[in-house]
Amino acid sequence: MPLSTQSQADDEQYVLVASMDNARNLSNILKAITFKDQAIFSATPNGLKVTVEDSKCLQANAFIQAEIFQEFTIKEDLVGFQVNLTVLLDCLSIFGGSTVPGVSTALRMCYKGYGYPLTLFLEEGGVVTVCKINTQEPEEPIDFEFCSNNVTNKVILLSESLKEAFSELDMTSEVLQITMSPSQPYFRLSTFGNSGNAHYDYPKDSEMMELFKCTKTQTNRYKMSLLKPSTKALALSCKVSVRTDIRGFLSLQYLVRNDDGQICFVEYYCCPDEEVEEE
């Protein structure tokens, strides 16, 4: 791969260098959280975390472990910057994002530090393109204070079954109501749209249900407009973990396999619709 032949002297000026043989493995996971232009990148020796937020109601995080990259070199404990995600995705698909078997775009992503652009070296078929994207000082992501100690209910489903539910529920509804309970209906999704009320129930012993762990009955509503971006992650994923905490905050964690069969995670946090009292 020509990109790997860059001199070590070049690398020494960067605080972060991340390379992969197939840029689609990065662009696909980033598309799953693209609903606002600005994204906060946080790199640690464990890998890359990319965060996108909407107001203070919704946060999406994509986690790309260091092992996903063919090379991942970081010289500080934490490297952070903010970039325009739409521009980054345009650059990553500059060769057209070929899906032809055996043809992929190699990526080398480099960052010198505060005030410098994010530099992308993209190579396909011997042609190398260099893109430089302006960076900004990263804003502090919102802390949703969603910790496992406060989780009251959790289910893990095969994504196929959640896709099926969304296709049957009325998406004209302004809210999605989620009921989780140790007793019937166990796990229920409800909408209240133009064609009336609709419910989609999952038995706790359903073959689509990999884990059912509910300790109390909770019913919360979430704005559909906030949840719609997460359907991009759902489309890519094979499993989804649905959790609620004592405040009714929602965590949707999607397990996504990339083109090479490696696993990445995308997580969405959403606050409950405060206009509706819990039943």
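Scan the stretch 34-47 residue by residue and report those that are assigned to a loop (DSSP other than H, G, I, E, B) and either on the phi > 0 side of the Ramachandran plot or in contact with a Ser or Thr (Cβ under 8 Å, 6 or more places away or on another chain) (or both).
Listed by number, the residues that qualify are Thr34, Asp37.
Does any residue of the stretch 237-245 turn out to be outside any strand (DSSP E or B) and farther than 17 Å from Leu58 by Cα?
No.
With respect to Glu174, determine if the residue is charged (D, E, K, R) and closer than 29 Å to Leu92 by Cβ. Outline the logic, then answer.
Details: charged (D, E, K, R): yes; closer than 29 Å to Leu92 by Cβ: no.
Criteria not met by Glu174.
Out of curiosity, is Asp77 under 23 Å from Ser230 (Cα atoms), assigned by the TED database to the domain that holds Asp37 and among the charged types (D, E, K, R)?
Values: under 23 Å from Ser230 (Cα atoms): no; assigned by the TED database to the domain that holds Asp37: yes; among the charged types (D, E, K, R): yes.
Judged against the criteria, Asp77 is not a match.
Residues that are surrounded by fewer than 17 Cβ atoms within 10 Å (Cβ to Cβ) and of a type in the set (Phe, Trp, Tyr): which strands (runs of 3 or more DSSP E) entirely in the stretch 95-180 hold 1 or more of them?
Qualifying strands (runs of 3 or more DSSP E): none found.
Sort out which residues of the stretch 181-236 are polar (S, T, N, Q), in a strand (DSSP E or B) and touching a helix residue (DSSP H, G or I) at 6+ places or on another chain (Cβ under 9 Å), and write them in order of number.
Correct list: Thr191 only.
Just give me the residues in the stretch 211-269 being open to solvent by 40 Å² or more (accessible area, probe 1.4 Å) and among the hydrophobic types (A, V, I, L, M, F, W, C), in sequence order.
Matches in the stretch 211-269: Leu211, Phe212, Ala235, Leu236, Cys238, Ile246, Phe249, Ile263, Phe265.
It is to be established whether one or more residues within the stretch 156-176 are within 13 Å of Thr217 (Cα to Cα), at pLDDT 90 or above, in contact with a strand residue (DSSP E or B) (Cβ under 7 Å, 6 or more places away or on another chain) and of a type in the set (Val, Ile, Thr).
Restricting attention to the stretch 156-176, the residues satisfying the condition of being within 13 Å of Thr217 (Cα to Cα) are none.
No - not one qualifying residue is present in the stretch 156-176.
From the list Gln177, Gln184, which residue is free of Cβ contacts under 8 Å to residues at least 12 places away in the same chain and assigned by the TED database to the domain that holds Tyr254?
Unique residue meeting the criteria: Gln184.
Please indicate, with yes or no, whether at least one residue in the stretch 16-31 is assigned to a helix (DSSP H, G or I), farther than 16 Å from Pro229 by Cα, of a type in the set (Asp, Glu) and at pLDDT below 95.
no
The values are calculated or read from the model by the stated rules, or taken from the named source; none is laboratory data. The shown structure was predicted, so the numbers you read here are calculated from the model rather than taken from an experiment. When we count neighbours, we look across all protein chains shown, and the Cβ atoms used for this are built from the backbone with ideal geometry, even at glycine. Ligands, DNA and RNA are stripped out before the accessible areas are found, and what is left, the full protein with its side chains, is counted by its heavy atoms. Shrake-Rupley method; radii C 1.70, N 1.55, O 1.52, S 1.80 Å.
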